[in-house]
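Inspection log for the structure reproduced underneath, given as structure tokens.
The values are calculated or read from the model by the stated rules, or taken from the named source; none is laboratory data. Keep in mind the model is a prediction, meaning the values are calculated, not measured. In this analysis, Cβ positions are derived from the backbone assuming ideal geometry, glycine residues included, and neighbour counts consider all displayed protein chains.
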DNA sequence: CGCAATTGAGTTGTGCGCAACTGATGTGTG
DNA sequence: CACACATCAGTTGCGCACAACTCAATTGCG
């Protein structure tokens, strides 16, 4: 019988450790391309949903401008995207992929299979995990 | 039917987002005591397993000295622990809780219940999640 | 309209997390 | 014993995260 107060501590630590282990799987795959995992998330968001604003990226990734601004500046410096002041609303900044940024979608397309291979779960377990994690995160809304 | 390559991307993002959401639940609870989540993990390790070395803490928490050294220095400055060069092996540094550090165990004992309340899972789901996360992390060993 | 309140992006400061490195200490092998 | 090698902790540098803040642009309300 486990002390119930130990359960949350364990699940929180496992969450913390698993998340870092996960980005650790991505790191050697992304490092040759000069990318980090949060940078990949920005690219995925732009690949899937097209050009958007800093604000909307923040909503998609649950990150604020304090994190995104310097990150986007690095991706711009690397030539993967452009940042343009909005014409309708001068406060916003439109984020758009360049040819280079779009091209990374193909260049990096081999990565998901490597991750699936490293994280050896069945499809049902993937769905189960996604559901449980979503509920953990949902608790904070 | 979901594109299988999207599954890993989803689970990795959910892992990343849930982990940050989790430390976000801890933050307001720890902030009044001047602590962070990684600092709490160090305290938990010391409460549960007693005095140890930097090296062993690193093994328990999957962190290296580059992360632990400054973190431990901050906990020492806060008066929660002491760092002493090992007598047998002069390379090692023994980490021991002070009265203050031991006292925090009671002071912070209300936190696990708050977390369990925020993360509203059944005991079975907790175990399931811990198991799945452990297998994700285990893939990296 | 006029002006307070809100919003969007960026900056600053702090604390991780990790790679790469340093320097001191210990170990093993010839 | 001597010397190459490994190990431990710490430092440096960089990129997140996030709080707190600034500043400009926009909105809304009297």
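Residue under question is residue A:95, and the condition is that it be within 9 Å of chain B (Cβ to nearest Cβ), within 11 Å of DNA strand C (Cβ to nearest atom), modelled with pLDDT of 95 or more and not in a loop (DSSP other than H, G, I, E, B); does it hold?
no
For residues that are more than 20 Å from the chain's Cα centre (by Cα) and exposed (fewer than 13 other Cβ atoms within 10 Å of the Cβ), scanning just the stretch B:90-106, find the one that is nearest to DNA strand D (Cβ to nearest atom).
Going through the qualifying residues, I end up with B:91.
On the given criteria, is residue A:132 within 18 Å of residue B:16 (Cα to Cα), away from DNA strand D (no atom under 16 Å from the Cβ), assigned to a loop (DSSP other than H, G, I, E, B) and at the interface with chain B (Cβ under 10 Å from one of its Cβ atoms)?
Here the answer is no, as residue A:132 does not meet what is asked.
Does any residue in the stretch A:68-82 that is more than 9 Å from DNA strand D (Cβ to nearest atom) come within less than 9 Å, Cβ to Cβ, of a residue that is modelled with pLDDT under 95 six or more places away or on a different chain, and which pairs are these?
Pairs found: none.
How many of the residues making up the stretch B:20-47 are in a loop (DSSP other than H, G, I, E, B) and within 14 Å of the chain's Cα centre (by Cα)? Give the derivation first.
The first filter runs over the stretch B:20-47 and keeps only residues in a loop (DSSP other than H, G, I, E, B), leaving B:34-36.
If we keep only those that are within 14 Å of the chain's Cα centre (by Cα) as well, we get B:35-36.
The number of residues fulfilling the criteria is 2.
Collect the residues in the stretch A:37-56 that are in contact (Cβ under 8 Å) with a residue 24 or more places away in the chain and more than 8 Å from DNA strand C (Cβ to nearest atom), keeping them in residue-number order.
Hits for the stretch A:37-56 are A:38, A:39, A:40, A:42, A:43, A:46, A:47, A:51, A:52.
Could you grab me the full set of residues in the stretch B:98-121 that are in a helix (DSSP H, G or I) and touching a strand residue (DSSP E or B) at 6+ places or on another chain (Cβ under 7 Å)?
Across the stretch B:98-121, the qualifying residue is only B:101.
From the set of residues in the stretch B:1-19 that are more than 7 Å from chain A (Cβ to nearest Cβ) and in a helix (DSSP H, G or I), which is nearest to residue B:86 (Cα to Cα)?
Selected residue: B:6.
Condition first: in contact (Cβ under 8 Å) with a residue 60 or more places away in the chain and crowded, with 18+ Cβ neighbours inside 10 Å. Now tell me which residues in the stretch B:109-132 satisfy that. Quick ask: steps written out before the conclusion?
At the first step, the residues of the stretch B:109-132 found to be in contact (Cβ under 8 Å) with a residue 60 or more places away in the chain are B:111, B:114-115, B:118-119.
If the condition is that a residue be in contact (Cβ under 8 Å) with a residue 60 or more places away in the chain and crowded, with 18+ Cβ neighbours inside 10 Å, then B:111, B:115, B:119 are the ones that fit.
Is it the case that some residue within the stretch A:38-51 is within 16 Å of DNA strand D (Cβ to nearest atom), closer than 14 Å to residue B:9 by Cβ and touching a strand residue (DSSP E or B) at 6+ places or on another chain (Cβ under 6 Å)?
Yes, the stretch A:38-51 has at least one match.
Residues to consider are A:10, A:1; find the one that is more than 14 Å from DNA strand D (Cβ to nearest atom), touching a helix residue (DSSP H, G or I) at 6+ places or on another chain (Cβ under 8 Å) and modelled with pLDDT under 95.
Values: A:1 fails: touching a helix residue (DSSP H, G or I) at 6+ places or on another chain (Cβ under 8 Å).
None of the other options fit; the residue is A:10.
Restricting attention to the stretch A:29-49, does a residue exist that is more than 30 Å from residue B:133 (Cβ to Cβ), modelled with pLDDT of 95 or more and surrounded by fewer than 15 Cβ atoms within 10 Å (Cβ to Cβ)?
Scanning the stretch A:29-49 turns up no residue that is more than 30 Å from residue B:133 (Cβ to Cβ), modelled with pLDDT of 95 or more and surrounded by fewer than 15 Cβ atoms within 10 Å (Cβ to Cβ).
Restricting to the stretch A:58-67, name every residue that is assigned to a helix (DSSP H, G or I), more than 10 Å from chain B (Cβ to nearest Cβ) and either more than 13 Å from the chain's Cα centre (by Cα) or within 12 Å of DNA strand D (Cβ to nearest atom) (or both).
Across the stretch A:58-67, the qualifying residues are A:58, A:65, A:66, A:67.
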